[in-house]
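Q: There's a structure below that I have some questions on.
The values are calculated or read from the model by the stated rules, or taken from the named source; none is laboratory data. Model, not experiment: these values are computed from the prediction. Using ideal geometry, Cβ is built from the backbone for each residue, glycine included, and neighbour counts are taken over all protein chains shown.
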Amino acid sequence: MIKDKPQSGSLATRPMVLALALALTACASTGGHPKDPFEPLNRATFSFNETADKYVMRPVAEVYDYLPLPIKVGVGNFFGNLGDVWIGVNNLLQGKFVDGLSDGGRVLVNSTVGIFGLFDVASDMGLEKHDEDLGQTLGSWGVGEGPYIVLPFLGPSTVRDSVGLIGDLQVDPVWQFDEVAVRNSLTGLRLTHRRAALLGADTTAEQAALDKYGYMRSFYLQYRLNQVYDGQPPRVKDPDDE
């Protein structure tokens, strides 16, 4: 059963973000990439994440990847349907009303005809799947991305996207489950599904870059810029290209 949770429970990540902000202030550097003033701390966190991924996340994802494809597709569709609710809200907040209404239609169709989102019937009906979050909404409102940071376990981010992440988690349907075991199980399954989807991409990054940290930083900043501007970002010189 889904119940309203007190603010303290839904903001479980706030202490981590605040502690990270204090650490970033203490470790700020003036050299290197202009968008990465905290590079020494970010590289240390990146190294920690790589180790955690090597020994925990990737092995679990590889086991999950052996599941039959229909099961994995159903899992992805289920979580995608839950996400469409907040995606629709963000489209409306960005003034993209047609997309927002389309997202609402996706939720209605997939939650009923698609059996609680296990089947993506809406896409077959021409209702396009979108990808929006609060970080993109803030960017569309003119909020600057701020310094690049690497979050423990969660990976690349910026100050703006980290603030947006807190808001995203407050309304995340999975995080609204009062039963801790159910909430943690669904969260673990969703993270595992997402990690399994990247099993090929991380190998490409390993092979393509002399400096994987710099490669991931450049990729993330350009990727988010492209998302905020819906595929038509302004031309911005990337210091990593030098």
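Q: Starting from the stretch 200-223, take each residue that is within 17 Å of His33 (Cα to Cα) and list its partners that are aliphatic (A, V, I, L, M) and at pLDDT below 80, counting only C-beta distances under 6 angstrom and pairs at least six apart or across chains.
A: Final answer for the pair search is Lys212/Ala205; Tyr215/Ala205; Tyr215/Ala209.
Q: So which residues in the stretch 75-120 are more than 23 Å from Arg194 (Cα to Cα), assigned to a helix (DSSP H, G or I) and among the β-branched types (Val, Ile, Thr), if there are any at all?
A: Within the stretch 75-120, Val98, Val109, Thr112 meet the criteria.
Q: Here is a list of conditions, (1) surrounded by fewer than 20 Cβ atoms within 10 Å (Cβ to Cβ); (2) of a type outside the set (A, V, I, L, M); (3) closer than 23 Å to Arg195 by Cα, and Glu179 meets all of them except one; can you say which number that is?
A: The number of the failed condition is (3).
Q: Looking at the stretch 87-108, is at least one residue of a type in the set (Val, Ile, Thr) and closer than 25 Å to Asn42 by Cβ?
A: no
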